[in-house]
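Before any comments, here is the structure.
The values are calculated or read from the model by the stated rules, or taken from the named source; none is laboratory data. Everything numeric here is computed off the predicted structure, so don't read it as measured data. Note that we place each Cβ from the backbone using ideal geometry, even for glycine, and neighbour counts take in every protein chain shown. In case anyone asks, the SASA skips ligands and DNA or RNA and just uses the protein heavy atoms, side chains included. Shrake-Rupley method; radii C 1.70, N 1.55, O 1.52, S 1.80 Å.
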Amino acid sequence: TSLKSLATGMLRFSPDVVIDPFGSGSALLIEISRTTCHFGGEEEMVHHVRRVLYHLGHHHHLVIAHRAEAASIISRIHGDKTIRRIGITALKETLNQLPWTILEPAIVVAEQLRLSGLQTLGDLYSLPLAGMRARLGEELTEKLLLVYGDRHEPLRRHKPPRKLEEKIEWWPPTQNKSSLLFAAKRLFDQIELQLERRDEGLSEATLLLRLAESKNEIAIVLRPRRAQRKSSNLLKLLDNKLENQRLTGTVDRMRLKLQKRLSLLPEQGLLFAAESALYWNDEAIQLMDKLGCRLGEDRVLTPKLTEEHRPELAYTWVRAGIDEEDENPPHPPMGTRPLELSPTPQIIAIAIHAHGRPVEILTGPHRGLLRIINGPERLSSGWWDGHDTCRDYYVIQTQDGSRLWVYQDRHAGQWYQQGLFV
């Protein structure tokens, strides 16, 4: 399972990744001749591959050769953390020096080879082909021809799983937060590679912690405000979640299941710096995720305009930090609006002159003559939902210098105060 996950991660370097069918299945074969140009050449690609392997904690050594079968054979005899490049001219000579035991022949065939005094692949390859088939069998002969390139066999590409899920187990069980985060990082690193290959980000996932004694699983839902695939960002989100998570026992297994994924297109730079104010940056998103974990997701909200003329219904509260571009965004109101808006308009007593315009506030703290600064602005709405309204709005200034936003209900004639200009 770990090798399959690693093979999926290696698809970021080439679409041709094969789990080695020639040996014990502990190696990967990657065809890189067509993709090195995207990484700045072979040397740079090798650097990227090794960085990923180190990051995931895999001990490894790399062999670069012109044939997959030969690279597979040669890779079995070199130590950890080595890199060996073998050119076309040196490949046959290198193969000739390898012991024939590397082909892993059957016990009976191996005994025949020992008795015959043959020691290397070169010794074996120098034998007549027909006699080799008759004495040593078809299987060993075909392996030898594959290694030397005299026969070719199509390789089956690795196909990544449709459902992304990773798990990790350990012993002894632990309840330590740092140990759990260390294990989770391994899972997030694997998922990051797979999501990067798909150009996707995680928008919702569930982390399942198995209790060692009861075998019950505790579910922790990860729902970042912006689709993520970076392991470091997901780890910070989990860290915040674990602060409020109470474990009733030690944990010995962790599973990560992805429920929702979104495409992550390359970010385009902004033409004007002022436009950056329209988008949440990464630091703000991480802060909102942290506040959501500590205070509750329903308490970290932001207002959003709606297609409605009535001021008390012209916005709604949505989850903060989610940049959604509506195909038909609502248009902001054209008139002047106060910073302080009352959700419920308050009745106010106002006297009017013969033409219906307000002239004086009769009661309350703003009592006295008033001056009209702007208005009337007529708003009609609600006829489709049974709350038909028709209002004339004014911006007025009172004798104490306050600026109020008031309106007259054209159906009932009553005056209301709905806002205050600070």
Exercise. Of all residues in the stretch 19-62 being of a type in the set (Val, Ile, Thr) and under 25 Å from GLU104 (Cα atoms), which is surrounded by the fewest Cβ atoms within 10 Å (Cβ to Cβ)?
Worked result: ILE19
Exercise. Residues HIS355, HIS331: which one is assigned to a loop (DSSP other than H, G, I, E, B) and modelled with pLDDT of 80 or more?
Worked result: HIS355
For this session: Filter the stretch 368-421 down to residues that are in contact with a Gly (Cβ under 7 Å, 6 or more places away or on another chain), of a type outside the set (Val, Ile, Thr) and not in a strand (DSSP E or B) and give me whichever is farthest from LEU313 (Cα to Cα).
Result: GLN399
Exercise. Residues of the stretch 298-321 being of a type in the set (Asp, Glu) and touching a strand residue (DSSP E or B) at 6+ places or on another chain (Cβ under 7 Å), which ones?
Worked result: GLU308, GLU312
For this session: Six or more apart or on different chains, Cβ under 8 Å: which pairs go from a residue in the stretch 172-196 that's hydroxyl-bearing (Ser, Thr, Tyr) to one that's open to solvent by 30 Å² or more (accessible area, probe 1.4 Å) and assigned to a helix (DSSP H, G or I)? Could you list them?
Result: none
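State yes or no: is GLY401 over 54 Å from the mean Cα position of the chain (by Cα) and modelled with pLDDT of 85 or more?
No: the conditions fail for GLY401.
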Exercise. Inside the stretch 341-368, can you point out the residues that are under 50 Å from the mean Cα position of the chain (by Cα) and open to solvent by 90 Å² or more (accessible area, probe 1.4 Å)?
Worked result: PRO343, GLN346
Exercise. Counting just the residues of the stretch 274-314 that are open to solvent by 90 Å² or more (accessible area, probe 1.4 Å) and modelled with pLDDT of 75 or more, which one comes out nearest to PRO343 (Cα to Cα)?
Worked result: HIS309
For this session: Could you please let me know if GLY269 is at pLDDT 80 or above and open to solvent by less than 80 Å² (accessible area, probe 1.4 Å)?
Result: no
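State yes or no: is LYS236 open to solvent by 20 Å² or more (accessible area, probe 1.4 Å) and assigned to a helix (DSSP H, G or I)?
Values: open to solvent by 20 Å² or more (accessible area, probe 1.4 Å): yes; assigned to a helix (DSSP H, G or I): yes.
Against the criterion (open to solvent by 20 Å² or more (accessible area, probe 1.4 Å) and assigned to a helix (DSSP H, G or I)), LYS236 qualifies.
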Problem set entry | Count of residues meeting criterion [closer than 23 Å to ALA71 by Cα and either in contact with a Phe, Trp or Tyr (Cβ under 7 Å, 6 or more places away or on another chain) or open to solvent by less than 60 Å² (accessible area, probe 1.4 Å) (or both)] in the stretch 128-142 | 3
For this session: Kindly indicate whether TRP383 is under 46 Å from the mean Cα position of the chain (by Cα) and closer than 30 Å to GLY292 by Cα.
Result: no
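Tell me, please, whether a residue that is basic (Lys, Arg), within 32 Å of the chain's Cα centre (by Cα) and in a helix (DSSP H, G or I) can be found in the stretch 26-35.
Step one: list which residues in the stretch 26-35 are basic (Lys, Arg), which gives 34.
Those left that are additionally within 32 Å of the chain's Cα centre (by Cα): 34.
If we keep only those that are in a helix (DSSP H, G or I) too, we end up with none.
No, the conditions are met nowhere in the stretch 26-35.
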Seminar exercise, completed: Note on LEU98: of the conditions (1) touching a residue at least 12 places away in the same chain (Cβ under 8 Å); (2) more than 37 Å from the chain's Cα centre (by Cα); (3) open to solvent by 90 Å² or more (accessible area, probe 1.4 Å), unmet is (3)
Problem set entry | Failed condition for PHE13, given (1) assigned to a loop (DSSP other than H, G, I, E, B); (2) touching a residue at least 40 places away in the same chain (Cβ under 8 Å); (3) surrounded by 13 or more Cβ atoms within 10 Å (Cβ to Cβ) | (2)
Seminar exercise, completed: For SER72, the lone unmet condition from (1) of a type in the set (Ser, Thr, Tyr); (2) out of contact with any Asp or Glu (no Cβ under 7 Å at 6 or more places or on another chain); (3) in a helix (DSSP H, G or I) is (2)
Problem set entry | Count - residues of the stretch 161-176 that are more than 22 Å from the chain's Cα centre (by Cα), among the charged types (D, E, K, R) and surrounded by 14 or more Cβ atoms within 10 Å (Cβ to Cβ) | 0
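Matching residues to (1) closer than 30 Å to VAL300 by Cα; (2) at pLDDT 90 or above; (3) not in a strand (DSSP E or B):
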{"site": "PRO160", "(1), (2), (3)": "no, no, yes"}
{"site": "GLU166", "(1), (2), (3)": "no, no, no"}
{"site": "PHE188", "(1), (2), (3)": "yes, yes, yes"}
{"site": "GLU192", "(1), (2), (3)": "yes, no, yes"}
{"site": "GLU196", "(1), (2), (3)": "yes, no, yes"}
{"site": "ILE220", "(1), (2), (3)": "yes, yes, no"}
{"site": "ASN240", "(1), (2), (3)": "yes, yes, yes"}
Problem set entry | Candidate set from the stretch 205-218 (those that are open to solvent by 60 Å² or more (accessible area, probe 1.4 Å) and of a type outside the set (S, T, N, Q)); member that is farthest from ALA284 (Cα to Cα) | GLU213
For this session: Give the residue that is surrounded by the fewest Cβ atoms within 10 Å (Cβ to Cβ), with candidates limited to residues of the stretch 377-412 that are more than 19 Å from THR344 (Cβ to Cβ) and among the small types (Gly, Ala, Ser).
Result: GLY401
For this session: Would you mind telling me which numbered condition in (1) charged (D, E, K, R); (2) in contact with an Asp or Glu (Cβ under 9 Å, 6 or more places away or on another chain); (3) open to solvent by 90 Å² or more (accessible area, probe 1.4 Å) ARG371 fails?
Result: (2)
Problem set entry | Given (1) within 28 Å of GLU139 (Cβ to Cβ); (2) of a type in the set (Gly, Ala, Ser); (3) open to solvent by 50 Å² or more (accessible area, probe 1.4 Å), number of the condition ALA65 does not satisfy | (3)
